[in-house]
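Structure first, commentary second.
The values are calculated or read from the model by the stated rules, or taken from the named source; none is laboratory data. Model, not experiment: these values are computed from the prediction. In this analysis, Cβ positions are derived from the backbone assuming ideal geometry, glycine residues included, and neighbour counts consider all displayed protein chains. Remember, those area values only see protein heavy atoms, side chains included, never the ligands or the DNA or RNA. Shrake-Rupley method; radii C 1.70, N 1.55, O 1.52, S 1.80 Å.
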Amino acid sequence: MSRLPISVKGVSNMRLVDTFPTNQYKGLEYRVGRVFPFGASFVEDNGVNFSIFSREATGCSLLLFHHGDKKPYAEIPFPEEFRIGDVFTMMVFGIHIETTEYGYRFEGDGNAEEGSLCDRKRIVLDPYAKSVSGRSVWGRKPRDAGPFVHRGQIIREDYDWEGDKPLEIPLEDLVIYEMHVRGFTQDASSGVRHRGTFAGIVEKIPYLKWLGVNCLELMPVFEFDEFEYAGDKKRSSLLNYWGYSTVCFFAPKAGYAASSPFGMEADEFKNMVKKLHQNGIEVILDVVFNHTAEGNEDGPVISYKGIDSRTYYMLDPDGHYLNLSGCGNTMNCNKAVVRNHILDCLRYWVYAYHVDGFRFDLASILTRGKDGTPMVSPPLIDALAHDAVLGRTKLIAEAWDAGGLYQVGNFPSWNRWSEWNGKYRDCARRFVKGDGGCAPELFMRIGGSGDLYSARGPAASINFITCHDGFTMHDLVSYNDKHNEANLENNNDGSNDNNSWNCGAEGSTDDPEILALRQRQIRNFLTLLLTSRGIPMLLSGDEFANTQFGNNNAYCQDNEISWLDWKRLDAHQDLAEYVRTLLALRTAHPVLRARHFDEGKNGTGFPELSFRSADAQELDRGAPSLTFAVMYAEDHVKYGTEKDAFLYIMINAHWEEHDFTLPVLPKGMQWKLVCDSKGIFFPAGEEAPLIVPSRFTLGPRESAVLIGQ
């Protein structure tokens with residue numbers, strides 16, 4: 001049934017539905033919709049606009065469900081005139097969005113053996129859905145496992161931000177704290193009310209401020225299926241804990257929200273961001289655009305496969321999925337439709353959720369062309385670097401992939417991208433372990449990796465020793481080998497190249513000398529990391545020696561292996577204070593956060609950055625060494641501080657004691673101890689630091705930080 005258009009001059013309350021011909025279906029009115037935006041969005045007169053792309057499909061139907069029902073209460077085919085180009089679009093009126101879920105059926109006449117999976121028998125998820133049902137409570141299956149577990153839901157974009165916006169902290173001033181949303185507070189020892197949730201992070205803001213971090217990097221928070229391994233009889237007891245297997249890029253993980261049973265996960269996430277911003281803490285999201293949860297040709301059909309598999313994925317001529325991600329499939333990120341899909345997603349998280357930046361998992365995949373070969377100027381990376389909405393957003397690449405493409409220092413950047421500096425991690429680990437031969441490289445890494453980022457500056461280097469992928473810092477000094485037996489892969493998973501050292505005993509020990517050595521080694525790592533130029537990144541829990549009991553690949557461990565044990569904060573309070581002391585020093589002295597690779601003499605009369613031997617002379621940077629010192633000379637005029645200052649970081653990675661001669665300071669200045677790896681520290685403004693004479697002794701495998709004022 002159609003209704004004639006009505007046009008009445010001067011009538012301001014005319015209904016949108018009255019201005020266009022409409023059709024009716026079981027009490028719902030619908031008409032041709034708007035192509036943009038894709039997804040399901042509100043329009044005037046309580047309508048919802050549905051728009052979805054498929055070049056491959058010959059037909060499409062919209063299905064509407066009452067929440068939790070197995071069968072739809074409406075199935076509306078898109079008339080031919082509702083298809084504009086390769087987009088099916090429909091505007092529907094009368095939907096009660098609080099109780100409605102939706103999905104699509106696509107019809108096609110392609111060859112399944114060549115990758116075409118449009119099949120009317122399947123119901124698929126809208127890739128632009130802003131909320132996804134089916135996994136609303138973590139670890140609980142709300143429905144019988146069936147072919148259409150994940151359904152789209154429509155949310156109201158009416159959150160009151162109270163004037164909030166992304167913080168835009170200068171890149172060089174960041175201190176990144178990587179965390180897993182659930183693991184951060186899930187253990188009862190966290191003491192929060194809403195454990196394992198976005199709300200739980202809010203409860204821990206006072207701790208984060210006390211520690212001194214100003215940026216959280218959240219492991220994947222886009223909707224994923226923790227029951228991904230349920231079909232594997234051997235591993236059915238394990239969950240997809242990390243979440244690097246996205247179901248929908250536009251929807252927050254409902255299972256991470258205390259309020260998700262009420263459909264409020266989006267608002268809970270927004271509230272977390274707002275509260276963090278109010279406390280000067282940015283939010284960076286770890287995003288996974290290199291693959292999805294649909295796997296290879298044997299994997300499930302959730303969304304993209306059933307919509308337009310040959311557009312969204314890289315396929316070989318036989319219809320098999322290229323697996324450059326190591327996870328079954330590879331998104332075809334340089335096709336225009338997929339590229340725009342990713343851009344739409346990131347823009348949405350910036351304007352709708354106010355996030356401050358993104359870290360791209362296995363980002364080198366995004367630089368590969370349609371045939372999998374790397375490109376000099378990959379269009380997606382270029383588009384992200386120059387996008388108007390993302391113009392002030394942090395962009396961080398994990399500059400390698402599972403196909404062997406390693407681009408650390410060479411990732412296409414247009415001076416916009418920073419990189420996880422895997423070379424910093426590997427070199428620092430080897431040196432602290434006792435490899436003096438890598439000292440010449442370490443000097444470059446401490447100075448901001450000018451050999452890698454000469455055109456971009458030190459802030460292009462995200463320096464880290466540990467991250468979610470690998471040993472914690474405690475385990476790095478407690479295990480020679482990985483212990484991943486709980487993953488049920490015969491300990492074959494996870495890296496074997498850890499550059500770790502157990503200090504004399506594998507795992508737990510009561511030997512006081514070994515325990516003391518491990519604590520010194522942890523502090524040695526932290527001293528290097530937090531006094532190097534570049535952006536430091538800490539793994540959450542490293543500041544209180546959190547352990548994963550030797551598991552260096554805890555992707556499937558939703559238990560005490562992965563959850564932070566906050567009782568260790570009480571046991572290792574001095575270690576947390578040590579980190580806090582170094583972070584306060586970093587905040588107070590911008591010479592550590594320099595934007596440029598300045599090493600020449602400045603207004604202090606000294607080189608701004610110099611490397612010295614144990615006798616305080618200029619060091620031969622090309623020679624192997626286990627002992628050295630780094631001196632920063634901070635010019636108060638250049639950096640806008642009150643007075644000149646000097647920082648002296650002494651490192652002894654040798655197994656023997658060494659004496660260090662200290663440089664002579666300008667008249668009236670003295671060297672004072674900030675901290676040393678034996679556990680002595682003087683937080684700024686809390687205690688009077690010790691005045692240090694002209695010589696300082698470092699015991700075996702020790703480090704110390706002095707300040708000249």
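Find the accessible area per residue for the range 476-549; the probe is 1.4 Å, ligands and nucleic acids are left out, and the unit is Å².
Working: 2590 Å² over 74 residues.
In whole numbers, the range 476-549 has 35 Å² accessible per residue.
For the residue pair His320 and Asp119, what label-to-label distance in nm results when each label sits 7 Å from Cα along the Cα-to-beta-carbon direction?
2.0
Rounded to the nearest Å, what's the spacing between the alpha carbon centres of the range 406-433 and the range 463-507? Just the number, please.
The range 406-433 and the range 463-507 have Cα centres separated by 20 Å.
Measure up Lys275/Lys423; Lys26/Lys141; Lys165/Lys253; Lys165/Lys567; Lys130/Lys233 against 28 Å on the Cα-Cα distance and list the ones that go over.
On the way: Lys275/Lys423 35 Å; Lys26/Lys141 31 Å; Lys165/Lys253 22 Å; Lys165/Lys567 35 Å; Lys130/Lys233 32 Å.
In this structure, Lys275/Lys423; Lys26/Lys141; Lys165/Lys567; Lys130/Lys233 lie more than 28 Å apart at Cα.
Using protein chains only and a probe of 1.4 angstrom, how many square angstrom of Leu619 are accessible, to the nearest 10?
Approximately 40 Å² of Leu619 is accessible to the 1.4 Å probe.
Which one of Leu529, Met631, Val591 is farthest out on the positive end of the charge dipole of the chain, using unit charges on Cβ (Lys, Arg +1; Asp, Glu -1) and the Cα centre as origin?
So the residue furthest toward the plus end is Val591.
Taking a probe of 1.4 Å, how large is the accessible area per residue of the range 48-203, in Å²?
Details: 6430 Å² over 156 residues.
Spelled out: the 1.4 Å probe surface of the range 48-203, per residue, equals 41 Å².
Ranked highest first by the average count of other Cβ atoms within 10 Å around their residues, in what order do 554-560, 228-234, 38-44, 596-602 fall?
Details: 554-560: 20.1, 228-234: 13.1, 38-44: 18.1, 596-602: 15.0.
The peptides rank, most packed first, as 554-560, 38-44, 596-602, 228-234.
Find how much the distance from Lys567 to His386 grows on full extension, using 0.36 nm per residue of separation minus their present alpha carbon separation; answer in nm with one decimal. Each step should come with its number before you reach the end.
Working: separation 181, 0.36 × 181 = 65.16 nm, distance 4.55 nm.
Additional length available on full extension: 60.6 nm.
Quick check: the distance between the Cα centres of the range 315-330 and the range 616-677, to the nearest angstrom?
After rounding, the separation between the Cα centres reads 52 Å.
Please arrange Phe681, Phe198 by accessible surface area, largest first, computed with a 1.4 Å probe and ligands excluded.
On the way: Phe681 40, Phe198 0 Å².
Sorted by accessible area, descending: Phe681, Phe198.
Explain nothing, just the number: relative contact order of the chain, from Cα pairs under 8 Å at least 6 residues apart, as a whole percent. It would help to have the intermediate numbers written out before the result.
Numbers: 1602 pairs, mean separation 68.1, N = 709.
Relative CO of the chain lands at 10 percent.
For Tyr25 paired with Glu642, estimate the spin-label separation in nm (one decimal), with each label point 7 Å from Cα along the Cα-to-Cβ line.
Spacing of the two 7 Å Cα→Cβ label points: 7.1 nm.
Taking 0.36 nm per intervening residue step and subtracting the Cα-Cα distance, what contour gain separates Met444 from Arg595 on full extension? Working shown, then result.
Details: separation 151, 0.36 × 151 = 54.36 nm, distance 1.54 nm.
Result for the pair: 52.8 nm of gain on full extension.
Assuming R0 = 41 Å, what is the FRET efficiency of Asn559 and Phe262, from their Cβ-Cβ distance, to the nearest 0.05?
Details: r = 27 Å, r/R0 = 0.66.
Computed FRET efficiency for Asn559 and Phe262 comes out at 0.90.
At 1.4 Å probe size, with no ligands or nucleic acids counted, give the accessible surface of Thr99 in Å², nearest ten.
For Thr99, solvent-accessible area is about 70 Å².
Provide the per-residue ³J(HN,Hα) series for the range 433-439, in order, calculated from phi with Karplus coefficients 6.51, -1.76, 1.60 and θ = phi - 60°, each as a whole number of Hz, with x at glycine and proline positions.
5, x, 9, x, x, 8, 4
For Asn491, what is the net charge nearby, where nearby means another residue's Cβ is under 13 Å from its Cβ and Lys, Arg count +1, Asp, Glu -1?
Details: positive: Lys482; negative: Asp481, Glu485, Glu489, Asp493.
Value of the local net charge: -3.
Heavy atoms only, probe 1.4 Å: what % of the accessible area of the chain goes to carbon and sulfur, would you let me know?
Values: 13480 of 26820 Å².
Carbon and sulfur together cover 50 percent of it.
Under 8 Å for C-alpha pairs, at least 6 residues apart: give me the relative contact order for the range 448-601, rounded to a whole percent. Could you put the intermediate results ahead of the total?
On the way: 223 pairs, mean separation 49.3, N = 154.
That works out to 32 percent.
Of the beta bridges DSSP finds with both residues in the chain, what % are antiparallel, to the nearest 5?
Working: 78 of 105 bridges.
In the chain, approximately 75 percent of DSSP beta bridges are antiparallel ones.
Mind giving me the nanometre distance, one decimal, between the label points for Thr373 and Asn491, set 7 Å out from Cα along Cα→Cβ?
4.3
Would you work out if the chain is rounded, prolate or oblate? Take a ≥ b ≥ c from the square roots of the eigenvalues of the alpha-carbon gyration tensor; rounded if a/c is under 1.5, else prolate when a/b is larger than b/c, oblate otherwise.
It is prolate, given that a/c is not under 1.5 and a/b is the larger ratio.
If we count every other residue with Cβ under 14 angstrom of Asp558's Cβ, Lys/Arg +1 and Asp/Glu -1, where does the sum land?
Numbers: positive: Arg135, Arg140, Arg182, Arg195, Arg235, Lys253; negative: Asp187, Asp225, Glu226, Glu228, Glu560.
Result for the neighbourhood of Asp558: +1.
At a probe radius of 1.4 Å, what is the per-residue accessible area of Asp69, in Å² to the nearest 10?
Answer for Asp69: close to 70 Å² accessible.
Summing Lys, Arg as +1 and Asp, Glu as -1, what charge do residues with Cβ under 13 Å from the Cβ of Thr58 carry, Thr58 excluded?
On the way: positive: Arg55, Arg83, Arg105, Arg120; negative: Glu56, Glu80, Asp86, Glu107, Asp109, Asp119, Asp308.
For residues surrounding Thr58, the net value is -3.
If you rank His96, His483, His67, His180 by how much accessible surface each has, with a 1.4 Å probe, what is the order from largest down? Kindly include the intermediate steps, with their values, before the conclusion.
Numbers: His96 130, His483 60, His67 105, His180 15 Å².
Ranked list, largest accessible area first: His96, His67, His483, His180.
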